Amino acid sequence: MTRTHSVTLIPGDGIGPEVSDAARRCLEATGVRFAWDEQIAGEAAIERFGTPLPAETLASVRRTHVALKGPITTPIGTGFRSVNVALRKELDLFACVRPCRSYAGVRSPFQGVDLVIVRENTEDLYAGIEFAAGSPDAATVIGAINPLIKQPLRLDSAISIKPISAFGSERIVRYAFEYALAHGRNKVTAVHKANIMKCTDGLFMETSRRVAKAYEGRVAFEDRLVDATCMQLVLRPRELDVLVLPNLYGDILSDLCAGLVGGLGVAPGANIGETTAVFEAVHGSAPKYRGMNKANPTAMILSGVLLLEHVGEADAARRLEAAVRAVLAEGKAVTYDLKPTREDPTAVGTSAMADAIITKLTADS
Ligand code: NAD
């Protein structure tokens, strides 16, 4: 008898419920059995529980160890912290994995791109250690630093701290190599700016070189400066394979690479920890399309493909990705953003594109 996978489903805000529903239906159409535990987070949770990330939702992900999550709006100026950042912190989802693959039918100046961004998710300038300009804490920090440096900091400076640890660097680089091995990838490129940030990025670079030695002969390794990598990505993206980066560079290069393969509508992602993984599209909640059945569900469905791989359903993952690929290549039952012009009257809605993928999937089974 086949296994039933318990998965927490967090539909999210804006277009989240629509693309999550599309992904859930596609996952079920693979024949794999799921026990969904639907939980709320974001705007609906603020209304009901006064917090965007209720304890119940977090407890569910801790229990199932796997979540499929729609995008969640980060309210500005309300004092609520981002649910996405909170989930990553609470569950120690240290690796953000974003495969970027060209699909026929998706317009882009680049073809044949197939690379994976592995971004460290917990450290760097995202650690949230900040001191506002003119605040007493900033004055304390500046007072402590100034005696240690040649050119004193201006007293009206705002300060953000960039912590990069040996532990965090080793953990993410090792993950990138293990990912490469598990997915038949040939090369890992560590990306940094160690010529300028000799201590933080220098540690990341040294650690990556050391970890790489353990994989010699199995996975090739190189390290590159982040600026040179950006140029390389737009000149010869096919020469890159798996990229491993500290948090901020990973964030920026993820969107750059999503752009290389046709944009946010087709970019899936996963946040992975030692015991738990949360799968979500790279895009946000696109509030202007909320409830319009217009958003492209591909990124969320491909996040579902990553989920299938993660829970050991490789065959279903391969079949679902093939169905997505076929629908994209045909270019008929696709959303407005995948048509030659945005006003194309033949564009279909979110649910109809999911239906077309399900039809392909079941026809090929
Ligand atoms: P966004 O990704 O929501 O939108 C950027 C642009 O892409 C918009 O023009 C949008 O309409 C379009 N777009 C996005 N997804 C699309 C899809 N599936 N199909 C068609 N078009 C699509 O980014 P934003 O506007 O910067 O953010 C909106 C909200 O989402 C913010 O509150 C932000 O904090 C949040 N956000 C959440 C996540 C997450 O939950 N992981 C990620 C990014 C942004």
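The values are calculated or read from the model by the stated rules, or taken from the named source; none is laboratory data. Computed from a prediction, not measured in an experiment: that's the story for all the values here. Note: ideal-geometry Cβ built from the backbone for every residue, glycine included; neighbour counts use all protein chains shown. Ligands, DNA and RNA are stripped out before the accessible areas are found, and what is left, the full protein with its side chains, is counted by its heavy atoms. Shrake-Rupley method; radii C 1.70, N 1.55, O 1.52, S 1.80 Å.
Selection among Leu302, Leu256, Ile272 by position relative to the dipole of region 209-313 gives Leu256 as farthest towards the positive end (Cβ unit charges, Cα centre). Between Asp201, Asp344, Asp21, the Gaussian network model of the chain with springs among Cα atoms under 10 angstrom shows the greatest mean-square fluctuation at Asp344. Hey, what number do you get for the chain at 222 nm if only DSSP H runs of n ≥ 4 count, each worth -39500 (n - 2.57), divided across all residues, to the nearest 500? -13000 deg cm²/dmol, from helical runs alone. Charged side chains reduced to their Cβ positions (Lys and Arg at +1, Asp and Glu at -1) give region 1-154 a dipole of some 380 debye around its Cα centre. Relative to the longest principal axis of the Cα atoms of the chain, the long axis of helix 200-213 makes an angle of roughly 60 degrees. With Cα atoms defining each centre, region 129-143 and region 326-349 are spaced 51 Å apart in the structure. Dividing the mean sequence gap of close Cα pairs (under 8 Å, 6+ apart) by how many residues the chain holds gives a relative contact order of 23 percent.
Projecting the Cα atoms of Thr74, Ile117, Ile161 onto the charge dipole of the chain (Cβ charges, centred on the Cα centre) puts Ile117 farthest toward the positive pole.
Each Cα pair under 8 Å and six or more residues apart adds its sequence gap; the mean of these over the residue count of region 265-343 is a relative contact order of 27 percent.
Rounded to the nearest 0.05, what FRET efficiency do Leu153 and Arg107 give with R0 = 41 Å and r taken as the Cβ-Cβ distance? Could you check? Before the final figure, lay out each step's value.
On the way: r = 47 Å, r/R0 = 1.15.
Calculated transfer efficiency: 0.30.
GNM remark for the chain: springs join alpha carbons under 10 Å apart, and the peak mean-square fluctuation among Pro17, Pro99, Pro340 falls on Pro340. Roughly speaking, what is the centre-to-centre gap between region 166-205 and region 11-83 when only Cα atoms are used, to the nearest Å? What the calculation gives is 30 Å, centre to centre.
Among residues other than Pro297 whose Cβ falls under 9 Å from its Cβ, what is the net charge (Lys/Arg +1, Asp/Glu -1)?
Local net charge: -2.
About the centre of its Cα atoms, the chain shows a dipole size close to 520 debye [charges on the beta carbon of Lys, Arg (+1) and Asp, Glu (-1) only; nearest 20 debye].
DSSP beta bridges fully contained in the chain are about 40 percent antiparallel.
Heavy-atom surface analysis with a 1.4 Å probe gives the chain a carbon and sulfur content of 56 percent of its accessible area.
The long axis of helix 298-310 is offset from the longest Cα principal axis of the chain by roughly 80 degrees.
Taking Thr30, Thr275, Thr341 in turn, the Gaussian network model of the chain (Cα-Cα springs below 10 Å) assigns the largest fluctuation to Thr341.
Treating r as the C-beta distance of Lys332 and Arg238 and R0 as 25 Å, the FRET efficiency rounds to 0.30.
What relative contact order, as a whole-number percentage, does region 314-356 give when Cα pairs under 8 Å and 6 or more residues apart are counted?
Once divided by the residue count of region 314-356, the mean separation gives 31 percent.
All C-alpha pair distances within the chain, sorted into 20 Å bins from zero, spread as 28, 57, 15, 1 percent across the bins. Considering only His5, Ser135, Pro17, and ranking their Cα positions along the charge dipole of the chain that arises from unit charges at the beta-carbon of Lys, Arg, Asp and Glu, the one farthest toward the positive end is His5.
Within region 280-322, none of the trypsin sites (Lys or Arg not before Pro) combine a DSSP coil assignment with at most 13 other C-beta atoms in a 10 angstrom radius.
Cysteines of the chain lacking any other cysteine Cβ under 4.7 Å from their own Cβ: Cys26, Cys96, Cys199, Cys230.
In this structure, the residue pairs whose Cα-Cα separation is over 26 Å, taken from Lys69/Lys294; Lys89/Lys294; Lys150/Lys213; Lys89/Lys213; Lys150/Lys193, are Lys89/Lys294; Lys150/Lys213; Lys89/Lys213.
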